[in-house]
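Heads up: the structure comes next, in structure tokens.
The values are calculated or read from the model by the stated rules, or taken from the named source; none is laboratory data. For clarity, every value in this text was computed on a predicted model and none was experimentally measured. Heads up, the Cβs are rebuilt from the backbone with ideal geometry, glycines too, and the neighbour counts pull from every protein chain shown.
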Amino acid sequence: MSKKIGILNLMHDKIDTQKRFSHVIKEASPETDITYFYPQNHYLNRPLPKNWPAEPLDLAKVAKLDGFIVTGAPIELLPFSKVDYWEELTRLFAFLKAKNIPQLYVCWGAMAALYYFYGIGKHPLPEKIFGIYPQEILAPAPLLTGLVTGFRAPHARYAEMNRSEIEQEKALTINAATPGGHLTLVTGPGQQVFLFSHLEYGPQAFSKEYQRELSARGGDDRKLAKPQRYYADEAAMSLPQFTWESTQQHFFKNWLQTIK
């Protein structure tokens, strides 16, 4: 029987994001049915992107799903209370928990969920963590089946959650992090998964993200983080390497297998 997965798409590159998630989920489980949603409150006074195959978030439809993903969003430095769809998002969080629907929160989605459910704080990083990093497995989990310490994973964010607060919360487990201490995977009760790595990213995603941020700065690359351990020729910023592909395949296959 095919699984039904919902995804709340909060990313900037919405069409690319849906292509990425569709690719990795279909690769892991071809029969999986995916429904993409958007927060209605965010589009009350603005037009929807053209040709965007997503529908307004509807909890009645969410109730019929077997699992749910909340993507990242490029708003790590914005206080949660300032997010225009925060109330809508927290209603979704509460609903997913009440209905015991397995949840995968990615990057900013993980930050928002950890804050909502456990009151974990976040803080800005001195500089953006941006690139491909080796990982340490701190606590084994079914989600890490097939992976060993040293596995590679992509990170791209300007903020981090308070690690000491997570460690003090008995309901939470830090399963993986970079050697430098940046969070990668945290798990909680009721099939709550908090993934701080953009494992859905394909081989060109970091190049696109860098170029988008460069364009937003008018071409000024001063103090702009460049992807680390990503290009074969880092000096020329050319020849992107898809070194996290195996991690991606293992993780999404493992997550889908945890959904009954």
Subset tally (residues that are farther than 26 Å from Lys26 by Cβ and either of a type outside the set (A, V, I, L, M) or more than 18 Å from the chain's Cα centre (by Cα) (or both)) for segment 167-189: 13
Among the residues listed as Thr187, Thr243, the single one being assigned to a loop (DSSP other than H, G, I, E, B) and hydroxyl-bearing (Ser, Thr, Tyr): Thr243
The listed residue being touching a residue at least 40 places away in the same chain (Cβ under 8 Å) and in a loop (DSSP other than H, G, I, E, B), out of Ala73, Ala110: Ala73
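This table checks each residue for (1) of a type outside the set (A, V, I, L, M, F, W, C); (2) in contact (Cβ under 8 Å) with a residue 12 or more places away in the chain.
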| residue | (1), (2) |
| --- | --- |
| Leu143 | no, yes |
| Gly181 | yes, yes |
| Thr187 | yes, yes |
| Gly202 | yes, yes |
| Tyr210 | yes, yes |
| Gly218 | yes, no |
| Pro227 | yes, yes |
| Ala235 | no, no |
| Gln241 | yes, yes |
Leading residue by the ranking (nearest to the chain's Cα centre (by Cα)) among those in segment 118-140 that are crowded, with 17+ Cβ neighbours inside 10 Å and closer than 18 Å to Trp255 by Cβ: Gln135
Filter result (modelled with pLDDT of 95 or more, of a type outside the set (A, V, I, L, M, F, W, C) and assigned to a loop (DSSP other than H, G, I, E, B)) within segment 77-107: Pro79, Tyr85, Lys99, Asn100, Pro102
Any hit, segment 117-130, residues being part of a helix (DSSP H, G or I) and either in contact with a strand residue (DSSP E or B) (Cβ under 8 Å, 6 or more places away or on another chain) or modelled with pLDDT of 95 or more (or both): yes
All positions within segment 44-61 that are more than 21 Å from Met111 (Cα to Cα) and touching a residue at least 12 places away in the same chain (Cβ under 8 Å): Pro49, Asn51, Trp52, Pro53, Ala54, Glu55, Pro56, Asp58, Leu59, Lys61
Exclusive hit being part of a loop (DSSP other than H, G, I, E, B) and at negative phi, set Arg212, Arg157, Arg222: Arg222
Within segment 55-70, tally of residues that are farther than 22 Å from Leu114 by Cα and in a strand (DSSP E or B): 2
Matching residues, segment 1-33, being surrounded by fewer than 16 Cβ atoms within 10 Å (Cβ to Cβ) and β-branched (Val, Ile, Thr): Ile15
